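No lab work stands behind these numbers, since they all come straight from the coordinates. Note that the structure is predicted; figures quoted are calculated from it, not measured. Glycine also receives a Cβ, built like all others from the backbone with ideal geometry; neighbour counts cover every protein chain displayed.
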Amino acid sequence: MTTTETPRTEYHQDMSFQPRANRIGMWLFLVSETFLFGAFLAARYYSTGTLRPEELNQALALLLTIVLLLSSVSAYLAETSIRFNHRRNFVIFTTVTIAMGLLFLGGVVIELKEAIHLYPPGTPYGSSYFMLIGLHAFHVVSGLAALGIVLFLGLKGHFGSKDYWGVEGVVKYWHFVDLAWLVIYPTLYLF
Amino acid sequence: LIGAALLAVLTIIEYVVAISLEDPLLALLPFVALKGWIILDVFMHVKQVFKEGDH
């Protein structure tokens, strides 16, 4: 055999290569998601400027923000736990993250029930509000589904200190969902 | 945990500033930027992307 090409199987055996490639792929995906959220945020400012209705439920929105921030902390602790092979802590913190995500979604449902009467989707602010909240809630739901899969696999003995990319990727996505809310929250409620 | 505490404090200050000012857009932008950077740096380890190897 005269070829100098590295056989394909060697790439897969080189474990130091794979996590870096995964991370770069994940970041590129998150950058593309940023553009999606950016377009919706721009639509809000284009259609209504910084005007917002007085009836917005500020207390609930602040509470939801704190819940989502806390869920990011527990997600971070879940990732750190599995990196150090602390499976029990990983299961606890992932479950806490899922619980807080569900709590956030419950709050969003209450918000939407109020919003549909106060500023319906047909109004300029209402359309921006429902688009942004809906887009973000969809990301929360998909993040919760991913966290559920990771928890299930973790309970079955998957992941460990040398193989935690599955957890890292999902937790990064969850942090991104939190990051998106940090911009959506002032855009809809504070500006 | 310091990052988390900082985020909580910034969120409360952000809220107080928003309800105190008539047009809080410019005053709130630094809060959004700072909170975003804390999540990117502390929780998401964004600097890791620019490093050569894996940890």
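Rounded to two decimal places and with Rh computed the Kirkwood way over Cα pairs, what is Rg over Rh for chain A?
1.09
Under a Cβ-Cβ cut-off of 11 Å, what is the net charge of the residues other than A:F29 that fall near it, where Lys and Arg count +1 and Asp and Glu count -1?
Result for the neighbourhood of A:F29: +1.
Going by alpha carbons, how many degrees (0 to 90, nearest 10) lie between the helix axis of A:124-155 and the longest principal axis of chain A?
30
Mind checking the full-extension length gain between A:S32 and A:I116? Use 0.36 nm per residue of separation minus the Cα-Cα distance, one decimal, nm.
Here the segment from A:S32 to A:I116 would lengthen by 27.3 nm.
I need the peptides A:59-72, A:103-116 ranked by packing, meaning the mean over residues of other C-beta atoms within 10 angstrom, with the highest value on top.
A:59-72, A:103-116
What do you get for the angle between helix A:165-185 and the principal long axis of chain A? Use alpha-carbon atoms, 0 to 90 degrees, nearest ten.
20
Helix-only mean residue ellipticity at 222 nm, chain B, DSSP H runs n ≥ 4 weighted -39,500 (n - 2.57), per residue, nearest 500. What is it?
-20000 deg cm²/dmol
I want to verify the translational diffusion coefficient of segment B:11-55 in µm²/s; compute it with Stokes-Einstein, Rh as the Kirkwood radius over Cα pairs, at 20 °C and 1.002 mPa s.
Translational D for this selection: 174 µm²/s.
Based solely on its DSSP helices, what 222 nm [θ] is calculated for chain A when runs of n ≥ 4 H residues each add -39,500 (n - 2.57) and the sum is averaged over all residues, nearest 500 deg cm²/dmol?
Theoretical 222 nm ellipticity from helices: -27500 deg cm²/dmol.
Measure nothing fancy, just the Cα-based angle from helix A:58-83's long axis to the longest principal axis of chain A, in degrees from 0 to 90, nearest 10.
0
What span do the alpha-carbon atoms of segment A:60-144 cover on each of the three principal axes, reported in whole Å from largest to smallest?
Answer, in whole Å and largest first: 51, 19, 14 Å.
At what distance in angstrom do the alpha carbon centres of chain B and segment A:142-191 lie from each other?
18
Evaluate Rg over Rh across segment A:79-191, taking Cα atoms for both radii and Kirkwood's formula for Rh.
1.09
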